[in-house]
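Trainee: Handing you this structure, nothing more for now.
The values are calculated or read from the model by the stated rules, or taken from the named source; none is laboratory data. Quick caveat, the model's predicted, so the values are computed rather than measured. All Cβ positions, glycine included, derive from the backbone under ideal geometry; neighbour counts span all protein chains shown.
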Amino acid sequence: MDSWFLDSEYPNTPFEKAKYHIYPFGYEKSVSYGKGTSLGPSAIITASNQLEKLTTDFKEPGLKRIHTAKPIDFSYSEKEQLIFAKGAKAIKESWKNNSFPLVLGGEHSITNSAIEAIVDYYGSNEVGILQFDAHMDLRESYLGSKYSHASVMHRAVEKGISLYQVGVRSYSYEELDVRAKYNVEFIDAHQIYKGNLEKFSLPSSFPKKVFISFDVDAFDGSVMAATGTPEPGGLSWWDAITLLEVLTKDKEVVGADIVEFAPIKDFHFYDYTVAKLAYHIMSLL
């Protein structure tokens, strides 16, 4: 491998000895507006080499050792179920190793891998998904595909996985109905700007174990323009960091994915921002 996550500071630790497993997964099929998420993982990994060892709260996740795996191969099939099953297998292998899988997308449909892994390994009641996103992604299907990026969280809730959404600011009647049907909890973007972030918390009924799915369009465009479906009125950097910390307090974060990053050539700020987000999520362990 030519490059790995934070290779400027740490070796690429063997799989069995690493607490963190980075999985590049540049799958891009159902994007419906701007394209380029297939280039996201490599840009994030390259930018990570400019990070310092310490996060903003002076933690050093790299001390627990990081393994960057080879990119998940999706060239062998056109069938989404087979592709996402391969991603699920990788995530489950990390859990069997008592490690933390961090999947770098790619479009949001790759979270289908995490959904399958959660159900197979833990059971649908044991892990909740904490979703940062401008969109609900709760459509039954979109543009003819039930595995679309716009349907991925419908696949989660219909399997009985608890869902908590942060930063949503784009709505459809269909998705609002699904939210109500499956009792999806949320803090929408307009609520965040009206309140004290420290007061928010996950419901007491939410599972102890949490998987974070962070769509970078949760950020406001002033922070993150490098995404295919931007929405105005999103999160600032500190909104996101504060809410990640507050909402996972007293929870066990078992894994994460970061999706919908579409790098813009020569705008390194965006690549670096997502790399720093990834390292901060690792610090939540």
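Trainee: For the stretch 249-285, give me the residue count where each residue is of a type in the set (Gly, Ala, Ser) and either outside any strand (DSSP E or B) or surrounded by fewer than 23 Cβ atoms within 10 Å (Cβ to Cβ) (or both).
Mentor: Total satisfying the criteria: 4.
Trainee: Of the residues in the stretch 215-238, how many are of a type outside the set (A, V, I, L, M, F, W, C), assigned to a helix (DSSP H, G or I) and more than 16 Å from the chain's Cα centre (by Cα)?
Mentor: 0
Trainee: For the stretch 134-150: of the residues being farther than 24 Å from Leu243 by Cα and among the small types (Gly, Ala, Ser), which is surrounded by the fewest Cβ atoms within 10 Å (Cβ to Cβ)?
Mentor: Across the stretch 134-150, the extreme among qualifying residues is Gly144.
Trainee: Moving to a separate point now. I'd like the residue in the stretch 81-134 that is in contact with a Ser or Thr (Cβ under 8 Å, 6 or more places away or on another chain) and acidic (Asp, Glu) and, out of all such residues, is farthest from His154 (Cα to Cα).
Mentor: Once the filter is applied, the top-ranked residue is Glu107.
Trainee: Does any residue in the stretch 41-68 that is closer than 16 Å to Thr13 by Cα come within less than 7 Å, Cβ to Cβ, of a residue that is at pLDDT 95 or above and among the basic types (Lys, Arg) six or more places away or on a different chain, and which pairs are these?
Mentor: Glu60/Lys53; Gly62/Lys53; Lys64/Lys19; Arg65/Lys17; Arg65/Lys19
Trainee: Still on this structure, please answer the following. Residues that are closer than 22 Å to Leu51 by Cβ and buried (at least 19 other Cβ atoms within 10 Å of the Cβ): does the stretch 27-36 have at least one?
Mentor: No, the conditions are met nowhere in the stretch 27-36.
Trainee: Specify the residue that is surrounded by the fewest Cβ atoms within 10 Å (Cβ to Cβ); the eligible residues are those in the stretch 192-236 that are touching a helix residue (DSSP H, G or I) at 6+ places or on another chain (Cβ under 8 Å) and aromatic (Phe, Trp, Tyr).
Mentor: My answer is Phe200.
Trainee: Could I ask something else about it? Ser236: among the hydroxyl-bearing types (Ser, Thr, Tyr) and free of Cβ contacts under 8 Å to residues at least 12 places away in the same chain, yes or no?
Mentor: no
Trainee: Another question about this same structure. Scan the stretch 53-87 for residues that are over 30 Å from Trp237 (Cβ atoms) and part of a helix (DSSP H, G or I) and report the count.
Mentor: Result for the stretch 53-87: 7.
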